[in-house]
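The values are calculated or read from the model by the stated rules, or taken from the named source; none is laboratory data. Because the structure is a prediction, the values reported are computed rather than measured. Glycine also receives a Cβ, built like all others from the backbone with ideal geometry; neighbour counts cover every protein chain displayed. SASA here: full protein model, heavy atoms, side chains in, ligands and nucleic acids out. Shrake-Rupley method; radii C 1.70, N 1.55, O 1.52, S 1.80 Å.
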Amino acid sequence: MRLRFTDRMDRLGTEGAFEVLAHAKQLEAQGRDIIHLEIGEPDYATPQNVMDAAVKAMNGGATHYTPASGIMEVREATARYVNRQTGAACTAENIVMVPGSKNLVLFAILSLIEPGDEVIVPDPGYPAYHSLVEFLGGRAVPAPIRESNDFRLDVDELRSLVTQRTRLLVVNSPANPTGGVLTRGDCEAIAELAQERDLVVLSDEIYSRLIYEGEHVSLYSMPGMPERTILMNGLSKAWAMCGWRLGFGAMPKELAQRMDRLMINTSSCAAAFTQWAAIEAFESPKSDRAVEAMVAEFKQRRNAVADGLNSIPGITCHRPAGAFYVFPNITGTGQDEKTLANALLDEAGVAVLAGTAFGGYGKGYLRLSYVNSVTNLERAIDRIRDHVTAAVPR
Ligand SMILES: Cc1ncc(COP(=O)(O)O)c(C=O)c1O
């Protein structure tokens with residue numbers, strides 16, 4: 001039988017990281033040594049006390065369905081965590097637990113966007129934003145994120161992109177793929193614009209704990225914003241829990257009720273023992289110490305990778321204040337980002353992504369995830385240097 005697929009499937013994008021990982025695994029299966037700098041996942045194990053809490057919950061019978069938006073005690077603990085982090089005053093009614101924060105992008109668009117409505121998305125940005133908006137018939141409007149502005153959204157430029165059809169603004173700080181972090185002034189200006197133009201903001205703060213200089217400012221903490229903000233966060237990055245699949249959103253109650261309905265119709269609920277473990281992640285000092293130790297190590301790695309890249313002819317690299325990515329400018333190598341990324345994997349054994357995997361404004365850049373040991377990062381830098389200098393003699 002020849003299956004007939006919907007037109008919308010043609011509009012659904014992918015994630016370069018998963019594709020490059022699959023190719024890198026093939027090369028490894030052929031015996032090649034590959035240094036993985038493509039996937040956005042901490043190489044750390046989940047803190048032991050959080051694992052113990054999950055096992056205890058499982059042994060205690062937490063192996064059943066839970067309410068669609070999450071176990072009430074877990075939603076309450078999540079509201080306390082959000083309030084501690086942002087100074088907001090949300091309650092369990094504002095919280096929805098989801099199997100991975102990524103679901104909130106889908107749910108926000110399904111709940112708020114009619115065909116033809118515009119959604120402003122960062123470019124370069126996390127690919128799911130653009131992909132899901134277009135998939136569901138909205139129009140994704142790229143907001144350029146420029147190196148010349150320290151990879152921060154330029155709020156004046158953002159203002160010029162808002163039209164009568166703009167309904168939703170997606171903001172991501174600290175950012176994937178650039179590591180850029182918005183300042184308090186940026187957040188205030190974004191909040192002012194959102195209120196002036198009556199926009200809803202999807203604020204993806206999944207990297208909020210991964211900050212190396214300065215502070216993380218949450219849009220959810222700005223006056224007047226909780227009523228128009230979907231705070232998107234989760235356990236994946238800070239507690240090294242990507243495979244557990246647990247995210248959470250804080251949002252206006254009437255939107256949380258719609259998301260509850262979406263959960264009933266899709267996943268039913270996030271895994272029960274995973275949810276119970278979240279309380280341990282949020283509230284145990286042991287978990288805080290584990291996060292802090294990981295962040296301190298990531299700072300060393302960021303310094304090593306940024307300094308290393310800056311020592312390579314033709315490459316310049318900023319030192320981002322957050323997340324665990326660097327986004328080096330490779331225009332001086334004379335190669336385009338796709339050619340260089342492919343050659344680095346196939347010839348030099350270093351898996352990285354082309355900046356354009358995150359949108360057109362990623363042209364001339366690579367993305368490296370520094371979730372690997374300093375030793376491996378230094379080996380990767382040596383390989384990149386050898387490859388680039390062989391291609392472009394000084
Ligand atoms: C910016 C951003 N948002 C969301 C996610 C998804 O996180 P989760 O594992 O909670 O679905 C990622 C994962 O890479 C990300 O980089």
Using r as the Cβ-Cβ distance of Glu254 and Glu292, and R0 as 25 Å, what FRET efficiency do you calculate, to the nearest 0.05?
0.10
Provide the gained length on full extension for the span Thr375 to Ser284, in nm with one decimal, where the gain is 0.36 nm per separating residue minus the Cα-Cα distance.
29.6 nm
Hey, got a sec? Which trypsin sites (Lys or Arg not before Pro) in the range 172-250 land in a DSSP loop and have at most 11 other Cβ atoms within 10 Å?
none
Label Phe5 and Ser268 with points 7 Å out from Cα along Cα→Cβ: what is the distance between them in nm?
2.8
Lys and Arg at +1, Asp and Glu at -1: neighbours of Glu196 with Cβ under 12 Å from its Cβ sum to +1
Result for the range 292-394: accessible area per residue, probe 1.4 angstrom, in square angstrom, of 38
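Taking loop as defined by DSSP and a crowding limit of 14 other beta carbons within 10 Å, which GluC sites (Glu not before Pro) in the range 171-236 fit?
Sparse-neighbourhood loop GluC sites (Glu not before Pro): Glu213, Glu215, Glu227.
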Have a look at Thr14, Ile206, Val141 and report the one farthest towards the positive end of the charge dipole of the chain, computed about the Cα centre with Cβ charges (Lys/Arg +1, Asp/Glu -1).
Thr14
1/(1 + (r/R0)^6) with r = Cβ-Cβ of Arg84 and Glu213, R0 = 22 Å, i.e. FRET efficiency to nearest 0.05, evaluates to 0.55
With each pseudo-label sitting 7 Å past Cα toward Cβ, what's the Met72-Asn59 distance in nm, one decimal?
2.7
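Need the full-extension length gain, Ala29 to Asp336, defined as separation in residues times 0.36 nm minus the C-alpha distance. One decimal, nm.
Length gained, Ala29 through Asp336: 107.7 nm.
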Amide N proximity, the range 118-141 versus Asp198 label position 7 Å along Cα-to-Cβ, cut-off under 16 Å:
118
Carbon and sulfur atoms: what percent of the 1.4 Å accessible area of the chain do they account for?
50
Two-site FRET efficiency, Ala390 against Leu12, from Cβ-Cβ distance with R₀ of 51 Å, rounded to 0.05:
0.85
In terms of Cα to Cα distance under 23 Å, which lysines are near enough to Lys299, apart from those fewer than 8 places away along the same chain?
Lys237, Lys286
In nm, spacing of pseudo-spin labels at Arg159 and Arg146 (7 Å Cα→C-beta vector)
1.6
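Looking at the chain only, what percent of DSSP beta bridges run antiparallel? Nearest 5 please.
That works out to approximately 45 percent antiparallel.
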Quick one: compute the contact order of the chain, relative version, from alpha carbon pairs under 8 angstrom and 6+ residues apart, as a percent.
23
Using the heavy atoms of the protein chains and a 1.4 angstrom probe, tell me the accessible area per residue for the range 50-283 in square angstrom.
38
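Given the DSSP H assignment, sum -39500 (n - 2.57) over each helix run of at least 4 residues in the chain and divide by its residue total; what's the result at 222 nm in deg cm²/dmol, nearest 500?
The helix contribution divided over the chain gives -13000 deg cm²/dmol.
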Multiplying the sequence separation of Thr316 and Asp382 by 0.36 nm and subtracting their Cα-Cα distance, what value in nm do you get?
22.2 nm
Starting from 0 in steps of 20 Å, tell me what percent of the Cα-Cα pairs of the chain lands in each bin.
28, 58, 14, 0
